[in-house]
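Since the structure comes first, as structure tokens, the remarks are kept for the end.
Derivation of every value follows stated rules applied to the coordinates shown; laboratory data play no part. Because the structure is predicted, anything quoted here is derived from the model rather than measured. Cβ sites come from the backbone with ideal geometry, for glycine too, and all protein chains shown count toward neighbours.
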Amino acid sequence: MTVMTHRDRLVLATAAACFLFILIAEQFAPVNVVGAYGYVLPILLVATFRNRSIMLVTVLACVIATYSGLLQPTKPGRFQAAVINRSVVVGVLLLVAYLGVSWEERKAREEAARVALAKETENLLKANTQLVQAKDQLNRSERLAAVGQLVASVAHEVGTPLHSIAWHVQALAEEPGVTPEMKKRIAVIDDQLTRVVRIIQDLLSSTRPRQPKPQWLPVEGIVSPSAVLMEPAFHEKGITLTVEIPKDLPLVWADKEKIHQVLVNVLANSLAATPAEGKVTVVAGSREASPAELDRGRLAADDMSALLITIDVQDSGCGMPEDDVQKAFEPFFTTKAVGKGTGLGLFLSRESVMAHGGSLTLTSAIGEGTTVTMTLPALRREPIPTKQEA
């Protein structure tokens, strides 16, 4: 059932008023059939309802009212002419009603066609968007495959000079006159060279990166080396790097080398995004794991507790718009200038953390900086109940 709007009520009231006005006027001049043509107006008004039932009632009322003028006294010999004239009026009224209904129904069909066309256009645009996204995903997959082949080729060529550099660094550490501070820096360089060589060996041995081999480690043992490695770069740019690690944290499930690589990548991003005199803070902590996080974590670490270790890297940089935040972990997406980044850092970092049973998330806003949060399983502190105790 169609609900009448305020406009519909106003039109219907106007049509009824016109009908009554013409009906009353006919009572004063019944012989002047010209007034009966006025019934065309209420018929045209009712036609805008596009309702045949209302139109039928209106036309019937107008026809009866038109012939009702014949009931008034007429001059002798004029009755037959009056009947003919009013029959002509009725014919005109019926023709107007038919044309009005047909016109309005055609307009209704045109409007419905426009609505259907708009809906189909919207569906086509959505389908086109999905097609473009699928094409982009395919392109990314092809680029990943190409990058894999390229990396294996480059790794083979880079391996030899890196070994040579490592030997020279070791020889430099044995030179007389090397100060303890210099030895400390040389040790850092040697450790990083060894790590790069190992990564290259992994790339050459398989088309897929080495799967992590986590173990239970102190949180400080996986966070501090990354901060020590990156601290000179922060100092040179005039950025304060602060590390906050509570003493009572449980052990964390981590492959030291893999998580070190993740933290270095995240810190490098913070370094690039933070201006001079800015601040970057690494905060370690713990929190209760959700049921989904607990299930995911225990697939990687059977003796995981109900806690997660959290490592937040917060910077006071420029921040990122919401659209970039949504794409941050997509392969090859980067906000850096051409040649300054590959767009694979966060993508590979998240894959590595998820392989530990953890997660890597990012929150950011323009002008408010960025926070990257890594979660990893924490060691169960309480003893695991035996079957007899359970």
Under the Karplus relation with 6.51, -1.76 and 1.60 and θ = phi - 60°, whole-Hz ³J(HN,Hα) for region 287-296, x at Gly and Pro, equal 7, 5, 8, 6, x, 5, 5, 5, 4, 5
Considering the zone a paramagnetic label at Leu99 would reach in this model (a point 7 Å from Cα along the Cα-to-Cβ line), which residues of region 40-67 have amide N under 14 Å from it? 40-41, 43-45
Using alpha carbon positions and the Kirkwood radius, the Rg to Rh ratio of region 6-120 is 1.12
For region 215-379, what is the Kirkwood hydrodynamic radius in Å, using each pair of distinct C-alpha atoms? 16.1 Å
Multiply the residue gap between Ile165 and Thr14 by 0.36 nm, knock off their C-alpha separation, and tell me the result in nm, one decimal place. 44.7 nm
With 0.36 nm assigned to each residue of separation and the Cα-Cα distance removed, Met182 to Thr242 gains 19.3 nm
Can you tell me the FRET efficiency between Thr363 and Glu175 if r is taken as the Cβ-Cβ distance and R0 is 56 Å, rounded to the nearest 0.05? 0.70
Can you give the FRET efficiency for His6 and Val132, using 1/(1 + (r/R0)^6), R0 = 51 Å, r = Cβ-Cβ distance, to the nearest 0.05? 0.70
